[in-house]
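What follows is a single structure, written as structure tokens, with notes after it.
The values are calculated or read from the model by the stated rules, or taken from the named source; none is laboratory data. Predicted model, so just to flag it, every value in this text is computed and none were measured. Heads up, the Cβs are rebuilt from the backbone with ideal geometry, glycines too, and the neighbour counts pull from every protein chain shown.
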Amino acid sequence: MDKLLQLLSKNAQFSTAELAAMLGEPEDHIKAQIKEYENNGIIKGYQAVVNWENMADSFVEAMIELKVTPKKETGFDEIAERCMAFEEVESVYLMAGVYDLALIVRGQTMQDISMFVAKKLSTIDGILCAATRTEASI
């Protein structure tokens, strides 16, 4: 792979002067090469890598799939309502397949979501097991 592209992919904020010094090329050549890459669609844009967990208003969403034992009188409704009562739960979906219910849960970190599963979901009778997978991190 092109060394210039490798450097830019690691840190798009390198100045052309820094890139020229690292590559032993004239700065004008580096500027022209970057412009050519942009014009040819090789460089499609520049992006910041953000550590969202350091932001005060950041969150992580996860899908938690539940296998439950429904009650004869109320089916899955009672368990779904109890799950939805938790402030961390954004949505509850009835599923067909291995799991019965899917919860979309929001927390500040994955540790918050793990604690929710361990401490709050475990208080609901009828939940046999839970599987968590991260769906989005924002």
Practice item. Determine whether the range 111-118 contains at least one residue that is within 30 Å of C129 (Cα to Cα), out of contact with any strand residue (DSSP E or B) (no Cβ under 7 Å at 6 or more places or on another chain) and surrounded by 14 or more Cβ atoms within 10 Å (Cβ to Cβ). Key: yes
Check your understanding: In the range 23-73, which residue that is part of a helix (DSSP H, G or I) and among the hydrophobic types (A, V, I, L, M, F, W, C) is surrounded by the most Cβ atoms within 10 Å (Cβ to Cβ)?
Key -> I30
Check your understanding: From A20, A80, A62, which residue is small (G, A, S) and not assigned by TED's automatic domain parsing to the domain that holds G97?
Key -> A20
Check your understanding: For A96, which of the numbered conditions (1) out of contact with any Ser or Thr (no Cβ under 6 Å at 6 or more places or on another chain); (2) closer than 20 Å to S122 by Cα fails to hold?
Key -> (2)
Check your understanding: Does any residue of the range 49-62 turn out to be within 31 Å of the chain's Cα centre (by Cα), under 30 Å from L101 (Cα atoms) and of a type in the set (S, T, N, Q)?
Key -> yes
Review point. Taking only pairs six or more apart or across chains, which ones have beta-carbon atoms under 9 Å, a first residue in the range 119-138 that is of a type outside the set (A, V, I, L, M) and surrounded by 13 or more Cβ atoms within 10 Å (Cβ to Cβ), and a second residue that is outside any strand (DSSP E or B) and at pLDDT below 75?
Key: S137/W52; S137/E53; S137/S58
Practice item. Within the range 44-81, track down each residue that is of a type in the set (G, A, S) and either more than 20 Å from M115 (Cα to Cα) or at pLDDT below 85 (or both). Key: G45, A48, A56, S58, G75
